[in-house]
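What follows is a set of notes on a single structure, which appears directly below.
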Amino acid sequence: MELRPRDGRKVGIYACGPTVYGRIHVGNARPFVVFSLLARFLAHEGYQPTLVANITDINDKIYDAARPAGRPSGELAAEMTAHYLADTERLGLGRPDHEPQATLMVDEIVALIGELIERDHAYVAAGDVYFRVRSLPEYGALSHRDIDQMDQGEGVDGASRKDDPLDFALWKARKPTEDAWWDAPWGEGRPGWHIECSAMAEATLGSPFEIHGGGNDLVFPHHENEAAQTLAARGHQLAQIWMHNGMLELGGKMSKSVGNVRGLAEVLDEVGRDTLIWFFCEGHYRQPLAFTPEKLGDATRRVERIRDAGRRLAAGASPEALASHRDTFFDALADDYNTPRALAAMAEWIREANRAGAAVGSEHLREMLAVLGLENLLESDADVPSEALALAERRTAARAARDFLEADRLRDELRSRGWEVRDGPDGPELVPLGP
Ligand SMILES: [Zn+2]
């Protein structure tokens, strides 16, 4: 699969984001990191990437989580959206260019459903709207499934209203147990999950856009249905290239239903963002990745080696003799975004730089680290003002005393002075906040 942008060097990337019914776990951070870094790499290669990561704030899971808690579903979704933004902010990779929320795109979603009804790919049944799967011969092309293995996962909900069990919901009529609904020409209710993404992707990137990403647990039915909706409504593909990341495994796939979940915030408290990003880069994005203390420890040691190497390097241009390793690094990323091979090339560069005896210029290493969001590993603490260092030390003490309220207050104070605290294995590190 070759990247062939529609328009010059512009590359649209849409990565399916979280459904905001709880705090995100470290597994949810994998696509956030992979596609943020992919956008950095494409920018390095002279492309102009636009990264979109949606926020699904209309979903069954949100109603289901809010109800027993006795809370309005919209309030829960807003709280978890704020947590998601704060937790991912701590990764220090910046924000996606657009983060559309389903609640703010209902008009676009309703218009797309209307188009599908108009073209007879969808039908209204007692206030619900269903996509007629057998109306689209291409259905199944993305996930390569037999039509008999296509369980839409909608259970008994709406089963009696479907013309065909294969059909899936685009719109669900308002239920008495649901406290949030929207208007549509076919009645009050709310959109299904799949149509939200088709509409949000199209509204932000147009179609067919260049790269669609997300976890490989979304291939069926979510992505198959996204692709079907756009193809049926527009007569062309939703996306040119699909990139699916493997799951994070912690004794089996990490999922809330299995109960082996580790919160992103908790993991960041423990190992810091440098280690976590390095850990993600050690696996090829398509492959499952085992989340174990050994692997995190290994990532921590490797990050430390980069810091050490950085201290021995001089500022400025690197010797031409080392350029081949830098080139191998970028070639590996250009070949289906192979980060493990890229890290191996970086290790070679460092080995040779160490062997060179005299201090070698750091430019190549800085260039490689920057596309991984880890250029801070070459920065020393020397330029941090002493009052910021003092605040950071007080925060460390507060954390040691398990006074997390005070620790958070100090983190906010540091932030207001322009410093982000990142917790690494060798203690917290202060990184200047971007503009
Ligand atoms: Zn999606």
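For the chain, modelled as a Gaussian network with Cα springs under 10 Å, which listed residue fluctuates most, Ala265, Ala69, Ala290?
Ala69
I need the phi-derived Karplus couplings for the stretch 58-74: 6.51 cos²θ - 1.76 cosθ + 1.60, θ = phi - 60°, integer Hz, Gly and Pro marked x.
10, 5, 3, 4, 6, 4, 5, 7, 6, 4, x, 7, x, 10, x, 5, x
Just how much of Ile306 is accessible, in Å², when a 1.4 Å probe is used and the result is rounded to the nearest 10?
Surface accessible to solvent at Ile306 totals approximately 10 Å².
With all protein chains present, how much of the accessible area of the chain (probe radius 1.4 Å) comes from carbon and sulfur, to the nearest whole percent?
The computed percentage sits at 50.
Return one quarter of the surface area of the convex hull spanned by the alpha-carbon atoms of the stretch 388-427, equal to its mean projected area, in nm².
Averaged projected hull area, Cα only: 2.5 nm².
Need one number: % antiparallel among DSSP beta bridges in the chain, to the nearest 5.
50
What number, in nm² with one decimal, is the all-direction average of the projected area of the convex hull of the alpha-carbon atoms of the stretch 197-244?
2.8
If you take the charge dipole of the chain about its Cα centre, with +1 on Lys and Arg Cβ and -1 on Asp and Glu Cβ, which of Pro208, Leu433, Ala39 is farthest toward its positive end?
Ranked along the dipole, the leading option is Leu433.
Can you give me the relative contact order of the chain as a percent, contacts being Cα pairs under 8 Å and 6 or more apart?
15
Return P(r) of the stretch 1-66 (all Cα-Cα pairs; 10 Å bins starting at 0; whole %; ordered from short to long distances).
Percent of Cα pairs in each bin: 19, 40, 24, 14, 3.
Show the residues, 5+ positions off or on another chain, whose built amide H is closer than 5 Å to the amide H of Ile55.
The list, which skips near neighbours in sequence, is Gln101, Ala102.
Using the reciprocal of the averaged 1/r over all distinct C-alpha pairs, how large is the Kirkwood radius of the stretch 75-121 in Å?
Result for the stretch 75-121, one decimal place: 13.2 Å.
Based on the Cα gyration tensor of the stretch 99-173, what are the three equivalent ellipsoid semi-axes, each the root of five times an eigenvalue, rounded to whole Å and given largest first?
Equivalent ellipsoid semi-axes, largest first: 21, 16, 13 Å.
Could you give me the ³J(HN,Hα) list for the stretch 163-172, computed from phi with Karplus coefficients 6.51, -1.76, 1.60 and θ = phi - 60°, whole Hz, x at Gly and Pro?
Rounded to whole hertz, the list is 5, 8, x, 5, 5, 10, 7, 9, 8, 10.
Rolling a 1.4 angstrom probe over the protein heavy atoms, how many square angstrom per residue are accessible across the chain?
Value for the chain: 44 Å² per residue.
One quarter of the convex hull surface, Cα atoms only: what value does that give for the stretch 34-130 in nm²?
Result: a mean projected hull area of 9.1 nm².
Equivalent ellipsoid semi-axes for the chain, as square roots of 5 times the alpha carbon gyration tensor eigenvalues: give them largest first, rounded to whole Å.
Ellipsoid semi-axes (Å, largest first): 42, 26, 18.
How would Met80, Met346 line up by accessible area, probe 1.4 Å, largest first?
So, going from the largest accessible area down, we get Met80, Met346.
May I have the pair-distance distribution P(r) for the stretch 297-435, computed from all Cα-Cα distances with 5 Å bins from 0 and rounded to whole percent?
P(r) over the stretch 297-435, rounded to whole percents: 2, 9, 17, 18, 15, 14, 10, 9, 5, 1, 0.
Quick one: the Cα spread of the stretch 192-343 along its three principal axes, in angstroms, biggest first?
58, 43, 22
Determine the order of Thr396, Thr275 by accessible area, beginning with the largest, at a probe radius of 1.4 Å.
My answer, sorted largest first, is Thr396, Thr275.
If you take the C-alpha gyration tensor of the stretch 43-91, multiply each eigenvalue by 5 and take the square root, what semi-axes do you get, largest first, in whole Å?
The answer is 32, 12, 7 Å, longest axis first.
Could you tell me the number of lysine pairs in the chain with C-alpha atoms less than 21 Å from each other, where the two lysines are 8 or more residues apart or belong to different chains?
The result is 7.
On a 0 to 90° scale, report how tilted helix 106-118 is relative to the longest principal axis of the chain, with both axes built from alpha carbons and the result rounded to the nearest 10.
It is inclined by approximately 50 degrees.
Taking every pair of alpha-carbon atoms in the stretch 330-384, give the share separated by more than 18 Å as a whole percent.
So the pairs more than 18 Å apart make up 40 percent of the total in the stretch 330-384.
Please state the Cα pair-distance histogram of the stretch 101-236 with 10 angstrom bins from zero: what percent is in each bin?
Final binned percentages: 12, 46, 36, 7, 0.
In what sequence, highest mean first, do 244-251, 414-421, 24-31 appear when ranked by Cβ atoms within 10 angstrom?
24-31, 244-251, 414-421
Can you list the residues, at least 5 places off or on another chain, whose amide H is less than 5 Å from the amide H of Asn245, using H built in the peptide plane?
Here the answer is Gly214, Gly215, Asn216, since their amide H atoms fall under 5 Å of that of Asn245.
Could you tell me how many degrees, from 0 to 90 and to the nearest 10, lie between the Cα long axis of helix 323-334 and the main elongation axis, the longest principal axis, of the Cα atoms of the chain?
The angle comes out at about 10 degrees.
Once the whole set of protein chains is in place, how much accessible area is left on Arg119, using a 1.4 Å probe, in Å² to the nearest 10?
110
The values are calculated or read from the model by the stated rules, or taken from the named source; none is laboratory data. Only a predicted model underlies this, so the values are computations on that prediction, with no experimental measurement involved. Backbone-built Cβ (ideal geometry, glycine too); neighbour counts: all protein chains shown. Each accessible area value is taken on the protein alone, full model and side chains, heavy atoms only, with ligands, DNA and RNA left out. Shrake-Rupley method; radii C 1.70, N 1.55, O 1.52, S 1.80 Å.
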